[in-house]
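Enquirer: Quick one: structure below, then a few questions.
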Amino acid sequence: MKNDYVTTAQLGEMLGISRISVFRKIKAGELKAVKIGRNYAIEKKDLPEILGTKLNQNSTDLVTRA
């Protein structure tokens, strides 16, 4: 189940923004995320929508390693 999600830090790295910026986008409703304990996580199935219609090879590698 852990591999079904990426952290805010991992998504920030993929998008080229800070973890805090990802958190702000979640709070503003711009990104879908689930709250797990005190943290937010983004479902991997939502990544194509967030990153664009297709993931480039670099982003695919980042998702696979997560």
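The values are calculated or read from the model by the stated rules, or taken from the named source; none is laboratory data. In this text the structure is predicted, and so the values were computed from the model without any measurement. Using ideal geometry, Cβ is built from the backbone for each residue, glycine included, and neighbour counts are taken over all protein chains shown. All accessible areas refer to the heavy atoms of the entire protein, side chains included, with ligands and DNA or RNA removed. Shrake-Rupley method; radii C 1.70, N 1.55, O 1.52, S 1.80 Å.
Enquirer: Being among the β-branched types (Val, Ile, Thr) and open to solvent by 50 Å² or more (accessible area, probe 1.4 Å) is the filter here; which residues of region 25-51 pass it?
Expert: Correct list: ILE36 only.
Enquirer: Scan region 7-24 and report the pairs whose first residue is closer than 19 Å to ILE36 by Cβ and open to solvent by 50 Å² or more (accessible area, probe 1.4 Å) and whose second residue is of a type outside the set (A, V, I, L, M) and assigned to a helix (DSSP H, G or I), with Cβ atoms within less than 6 Å and a gap of 6+ or a chain change.
Expert: ALA9/ARG19; ARG19/THR8; ARG19/GLY12; PHE23/THR8
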